[in-house]
Every structure is written in C-alpha cells, then in structure tokens.
Amino acid sequence: MSRIGLKPIAVPEKVAVQVRDASIEVKGPGGTLSRKVPQGIGISVDQGQIKVAVQDPAVEGVSALHGLTRNLVAQMVQGVVQPWKKDLEIQGVGYRASKNGQILNLQLGFSHPIDFKVPEKVQFSVDAKQTFVSLQSPDKELLGIVAAQIRSLRPPEPYKGKGIRYHGEHILRKAGKAAGAVGAGGSAGGGAKK
C-alpha cells in the first residue's frame, strides 16, 4: 500500500471533477485537463475529496502506480487553479529569444534562427533583455516536456556556460587548457647551433 496514494486530494471550490470509465477530467479557472486512469486503479469523488484506491491488486505493477496516479491527479487539480511555471535563462554573446504568437524565435549561435512552436496549452513570455523565457501551463507534464525540448536546442556547455539553462540551474564548469602547457617539450633547447 502506498502512503502517498492513500492521502485524499482536497477539491477547491472553483474546480469540477468528473470520473468516467477509465479517465478523469478536471475543470477549473485555468482550463480543463484529462488523463487516463491506469488499469486496476479506481478514483472516486466524495464530499469535496478525490480518493485514489487500488481496485484490482492482481494487475501487475498496480501498487507502484497507486502513489503516482494520486500525485498526477493532485497536480492536475493544482494546475487548473494556479498554473505551473518554469523559467529558462539564455547565456552567450548574441544569444537571444523573441516571441511571435505561439512561436519562440531563438538565436543560439547557429547560422540560422530556430523557430520553436509552443503548444497552445503553454503560455510564455520573453523579458526585455531577450535572455529570459518564462513558461506557464496548467499541465505540469507538458510544461516539463516543452521546457526540456527548448533547453535541448542548445544545452549549456561546460567551459563558458553558453546555452539555455533552467533558472537557478548550476552548471559544473571545466577549466580550459592552461596557457603554459602547450609546447613544453619543444621550446627549450631545440635545433642545432650555428
């Protein structure tokens, strides 16, 4: 039995929850989210609380999905009330971003600009310096996927730290080649005397 899975989820006043067949739908001020419920897991709504329970223990791996399903439903409920947020920082000379509708235009040191199509459920903004992208969405899973896809266009490199990183992410830096190490064997006493 999952301790997390046994915790009931409180439903806020402005949120409506519907459970149909093998799916759950959550509606709120931030939008509507739906998700399929794994086989062997049952969801019930009673007195302003959502309860997730194992209905069929014989299904393989159902106990592992109990706590996960409860957390995913809790994130849906929280997301339709207050959207989830993720921020990205762009570092590097000439690296910048701009917004054009639902397209994120990126200049990342390549010979061409990159146009990244952001899904409708994800809202984003670019700051005045064009080096900070703020993403928000009621769907935490989709938000994480979109942020990871944008970051993968130019992951931060370890020498100068140029690239796209999550806000507050620490990049382990490497030291470059030391200046004195080059040609140590060839400079002292090479060649014949005249």
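The values are calculated or read from the model by the stated rules, or taken from the named source; none is laboratory data. In this text, all values refer to a predicted model and were calculated from it rather than measured experimentally. All Cβ positions, even for glycine, are placed from backbone atoms using ideal geometry, and neighbour counts span all protein chains on display.
Given the conditions (1) farther than 18 Å from Arg35 by Cβ; (2) acidic (Asp, Glu); (3) outside the structural domain of Glu25 (by TED's automatic domain parsing), which single one is not true for Glu141?
Against the list (1) farther than 18 Å from Arg35 by Cβ; (2) acidic (Asp, Glu); (3) outside the structural domain of Glu25 (by TED's automatic domain parsing), Glu141 comes up short only on (1).
If only one of Val54, Val17, Val37, Val11 is in contact with a His (Cβ under 9 Å, 6 or more places away or on another chain), over 30 Å from Phe116 (Cβ atoms), surrounded by 15 or more Cβ atoms within 10 Å (Cβ to Cβ) and not assigned by TED's automatic domain parsing to the domain that holds Glu157, which one is it?
Step by step, each of Val54, Val17, Val37, Val11 is checked, and only Val54 is in contact with a His (Cβ under 9 Å, 6 or more places away or on another chain), over 30 Å from Phe116 (Cβ atoms), surrounded by 15 or more Cβ atoms within 10 Å (Cβ to Cβ) and not assigned by TED's automatic domain parsing to the domain that holds Glu157.
When you check Ile171 against the structure, is it among the β-branched types (Val, Ile, Thr) and over 30 Å from Val15 (Cα atoms), yes or no?
yes
Gln39 passes all but one of (1) farther than 18 Å from Lys140 by Cα; (2) part of a strand (DSSP E or B); which number fails?
Single failed check for Gln39: (2).
Check Gly79 against each of (1) within 30 Å of Pro8 (Cβ to Cβ); (2) modelled with pLDDT of 95 or more; (3) crowded, with 16+ Cβ neighbours inside 10 Å and name the one condition it does not meet.
Here Gly79 clears every test but (2).
Any residue at all in region 74-87 that is in a strand (DSSP E or B), more than 30 Å from Val19 (Cβ to Cβ) and in contact (Cβ under 8 Å) with a residue 12 or more places away in the chain?
The answer is yes; a qualifying residue exists.
Could you please find all residues in region 148-159 being within 18 Å of Gly92 (Cβ to Cβ) and part of a helix (DSSP H, G or I)?
Of everything in region 148-159, those that are within 18 Å of Gly92 (Cβ to Cβ) and part of a helix (DSSP H, G or I) turn out to be Ile150, Arg151, Ser152.
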